Each structure stands twice: as C-alpha cells, then as structure tokens.
1. Students often get this wrong, so check it: of LYS228/LYS279; LYS187/LYS289; LYS7/LYS237, which have C-alpha atoms separated by over 20 Å?
2. Collect residues whose amide H, placed 1.01 Å from N in the peptide plane, falls under 5 Å from the amide H of ARG140; neighbours closer than 5 in sequence don't count.
3. To make sure I understand, if each residue's beta carbon is the centre and we count other beta carbons within 10 Å, what order do VAL135, VAL297, VAL288 fall in, fewest to most?
4. Got a sec to turn the phi values of the stretch 287-300 into Karplus ³J(HN,Hα) couplings, 6.51 cos²θ - 1.76 cosθ + 1.60 with θ = phi - 60°, whole Hz, x for Gly and Pro?
5. Based on the Cβ-Cβ distance from ASP240 to ARG157, what FRET efficiency comes out when R0 is 30 Å, to the nearest 0.05?
6. From the backbone phi of the stretch 138-148, what are the Karplus-calculated ³J(HN,Hα) couplings (6.51 cos²θ - 1.76 cosθ + 1.60, θ = phi - 60°) in whole Hz, Gly and Pro given as x?
7. Would you mind listing how long the stretch 134-299 runs along its three principal axes, going by Cα atoms, in whole Å with the largest first?
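Nothing in this text is a laboratory measurement; each read-out follows from the coordinates by a stated rule. What you see is a predicted model; the values in this text were computed from it and never measured. As a convention, Cβ positions derive from the backbone with ideal geometry for all residues, glycine included, and neighbour counts pool all protein chains shown.
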Amino acid sequence: MRCEQVKSLLNDYCEGSLSEAMRERVEAHLRGCAACQRELQFVQAIWRGLRTMPEVAPPADLHARIMTHVRANTRAREAQGRIALWRWAGAAAVAAGLFIMGFFAAQSDGVQAAFGFGAKPNPPVQTPQPVQAGVFLEYRATADGVRVPVLEARMNREATAELRYAPEGDAKTEPIVVWSGRLLPGKTVEIPLQTLLHTSGERVLTLRWTLEGQSRVLYVPAGYPPAKLASLRLQAKLGDALRQLASAYQTPIEWAPNGAEPLVVLDVQDATLEDALQKLLIGSNYTVKRHGDFWRVVSR
C-alpha cells in the first residue's frame, strides 16, 4: 500500500472498523514506514482526546423538534402527491371540477363547508432552516475548569474536507493530517485540539483547513490567559505576523491567503486586537472581519 492510502485509512484503523485483511495490510505498511507511524501517533492522540471529552446532554426539546420536522416533511410529500394526482387527471377534468365547486359554493354556505371552502387553511409547511456553514472554533470548559479548544465544521451540502497541522519553524516537515473525510449536510464534525496542543508543546497551532481545493490557515492558541491589550513591534510576512498576534492576544485568527504573501510592519502600544489587525493590514489587499471571538482576515 502507498502512504496516501494508509493515511486515508488511519481513522478507520483506530476506530477498529477495517476488515481483518485490510487491517493486516495497513499494519504491514506501518511497520516499514516511519512517516506513517508518526501520523498514526497523532491520530491516536486525537482519538484519546475524543474519549476524554465531556458527554454533551441532548436538549430537552430534541424529540419535539425532530417530530416537528418529520410531520412537516410528511405534509410536504402528501401535498406533492395531491398535485401529481391532479396533473394525472388532466386539465379538462380539473376545469370541470373547479366549475362545479364554484357553482355550488355560490349557492350555499353548507355546501361551501362540505367542499372545504371558508375552512381554516392548513398552516404552511415548515422547512428546516439551513445551518451556518463553515469552520468555527469554540472553547469549552471541562469539569475541572480547563478550557478545551474544539474545531467545528459543518456544511449545507456534501463536501470533502481535510485538516492538517504544520509544526512551527519546521518548513521541511510535511504537514500532518489531523482529520480527513466528507462533511454531510446539516451534520457537525467536531475535532478536539487540546491533545494536539499538549503534544506539540506550542502556544499556537498552525492548521490548514482545505475544503474542495480551497484552503485557509487557522491560528489556534491555547486560549489562556486571554489579553485585551498588547504591545507589539514586528516586521514579517503576513502569516508569521498573524501567528504572533494570535499568540499575544491568545485569540484564534483565520486567514484566507490570496496570491503572494505580503511583508507587513506593525508597531503598537497597548492596542486591542482589532486595532492591531487594522494597522497590520494597511496597504494590503486584505481586510478583517469578526465572528464572535474568531477573527477572519480575508480579501477585500
């Protein structure tokens, strides 16, 4: 087996869902490939982190909400079936039926009620609202008060995605796949990052999120202690500068690269992160947007 094939199967290998023959082929490759062994160690660390995540209780009204959607979809299918039946009957029969119903409706209120005229209309069919699509970072508090960073990814359509980790200051090392798979409509994928932070020993993780060929860089700090104000003086490429800001303020920053990476300069004293980002991006083709505690640097 080739490395790409083995890496795509590591999640299934850790889950124990591979067939015996496939598991033996994967293990045979791992015994002779140091790169895939390192990747397996990271994947296993992610799985250990998943097992230590606190169990989330479902909302009390979850059953009622599910049944509401079921009933709405049932009414929609019934309505579509009635429409198909009318079309099958033919335009002439429909016209005749409408004429007869209109005649009797003009004659009697009782007949009106018998045919359903004047009755209270059915409520409109409620269709499920689309979820907010994208990748988001959330810090969750465990039972002992530790803030755990969790990456959430969700889409309104099926899509292929991948999350890779790039070690700081090691440009020669191939980025390690943290998660790879398909996103399903309305389903949220949660990727805990605390174990990766602990294993790497870094104050800020540099992650690359790729969705169907489109990539963006995520600078994910441990999140503690957060800083509202900071003083910085730097001259660096934009990616390195954003990483330093994420570290100084312990606040996540997302960057969508577009073209050549510009050289930026920053010199601020006791500035907020928003002010620092605005000054950092002066003269570039980027602007900054805020999404909760998550800051995004995107093209103008």
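1. Too far apart for the 20 Å limit: LYS187/LYS289; LYS7/LYS237.
2. When sequence neighbours closer than 5 places are left aside, the close amide H contacts are VAL148, VAL150.
3. By the 10 Å Cβ count, ascending: VAL288, VAL135, VAL297.
4. 9, 10, 10, 10, 10, x, 8, 9, 10, 10, 10, 10, 5, 5
5. 0.30
6. 9, 9, 10, 8, 7, 4, 8, x, 7, 8, 10
7. Result for the stretch 134-299: principal-axis Cα extents of 43, 42, 33 Å.
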